[in-house]
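This report concerns only the one structure given below.
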Amino acid sequence: MQTMTLEIPTEALVPLGLVPPRFFQKFEELELLETLGLDARWRLQILRLRTRAPRDPPRAWVRQGERIRRTYRLERFELLESRPETRDHFFLVRQRNEGPIGALLKQVGGKVFPARPFLLRESITMASFRGEVPALRRVIGFLRSMGIPHRVRRIRRGFRGMSREREGADQLTPLQFRILQEAFHRGYYTIPRHTTLAELGASLDRSAAAVGKILRRAEIALVSQHLREALRLAGASPLPPPPAPAATILPRKSSRPSA
């Protein structure tokens, strides 16, 4: 698996309907933080939106939710958090894959996933994709066929040899992503839960203990990633690495004979 980061002039995305014409009059940048679900029909993602000026309080986003859903053809638009001090707002968005995005997903056959960094600004869009080399080449071929100018900025190799800190900061492993996605869709994270670790394990042909451990590592990676992002946006000190597991100290056996 490799992650490829591209630079694309944002103005080239407007005629294709990928960026609304007047989007950057009100907003400074849009960042894809996490893709929770993706198939040929729809995508479920966590987005960060930074406004150009202080916006209305969070309840205003709730009031405008229906209009925003209609304007951008969203099936779901949910405000997760607002940070007035940095003008950042975080949303859970579910959207159908139509137009060029749907065509791209059809061409790559579900073998490429969005990755970080994925950031839209007025002048330049940084778009990252994770997948095997043949699938990433199909992404390049698709952009050429659509006449979209682009430049390959960076290619990162896969997860082997990646440090814990880098893994948590950048992305999940394919196994963690698949099991986390399955748990999300089956209602493991709803309140109350609609499934159990045992039921997830049975559907994935794994033990409940193994599924629980994989989910725990995925959750740690996501929490670390978003904490680092929050600290970066707030200008605070970086998040220290997690403490190493405490060593188990066994009592030394006495050399004295027992009485």
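The values are calculated or read from the model by the stated rules, or taken from the named source; none is laboratory data. From a predicted model like this one, the values you see are computed outputs, not experimental measurements. FYI the Cβ positions are ideal-geometry reconstructions off the backbone, even for glycines, and counts take in every protein chain you see.
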Open item on the list: If I filter region 214-223 for residues that are among the aliphatic types (A, V, I, L, M), modelled with pLDDT under 70 and surrounded by fewer than 17 Cβ atoms within 10 Å (Cβ to Cβ), do I get at least one hit?
Closed with: no
- [ ] Provide a single number: the residues in region 117-161 that are surrounded by fewer than 17 Cβ atoms within 10 Å (Cβ to Cβ), of a type in the set (S, T, N, Q) and under 15 Å from Leu104 (Cα atoms).
- [x] 1
- [ ] Show the residue pairs that are 6+ apart or on different chains and have beta-carbon atoms under 9 Å apart, the first residue being within region 65-88 and under 17 Å from Glu29 (Cα atoms), the second being of a type in the set (S, T, N, Q).
- [x] Tyr72/Gln95; Arg87/Thr51; Asp88/Thr51; Asp88/Ser82
Open item on the list: Filter region 38-69 down to the residues that are exposed (fewer than 13 other Cβ atoms within 10 Å of the Cβ), touching a Lys or Arg at 6+ places or on another chain (Cβ under 8 Å) and closer than 25 Å to Lys106 by Cα and list them by number.
Closed with: Ala40, Arg41
Task: Test for Ile155: is it modelled with pLDDT of 85 or more, within 19 Å of the chain's Cα centre (by Cα), not in a helix (DSSP H, G or I) and not small (Gly, Ala, Ser) - done: yes
TODO: Please find, among Val62, Val14, the residue that is at pLDDT below 85, of a type in the set (A, V, I, L, M) and over 22 Å from the mean Cα position of the chain (by Cα).
DONE: Val62
TODO: Residue by residue through region 1-30, note down the ones that are of a type outside the set (Gly, Ala, Ser), touching a residue at least 24 places away in the same chain (Cβ under 8 Å), in a loop (DSSP other than H, G, I, E, B) and out of contact with any strand residue (DSSP E or B) (no Cβ under 7 Å at 6 or more places or on another chain).
DONE: Leu16, Leu18, Pro20
Open item on the list: Looking only at region 77-110, filter to residues that are surrounded by 14 or more Cβ atoms within 10 Å (Cβ to Cβ) and basic (Lys, Arg); which one of those is farthest from Gln181 (Cα to Cα)?
Closed with: Arg87
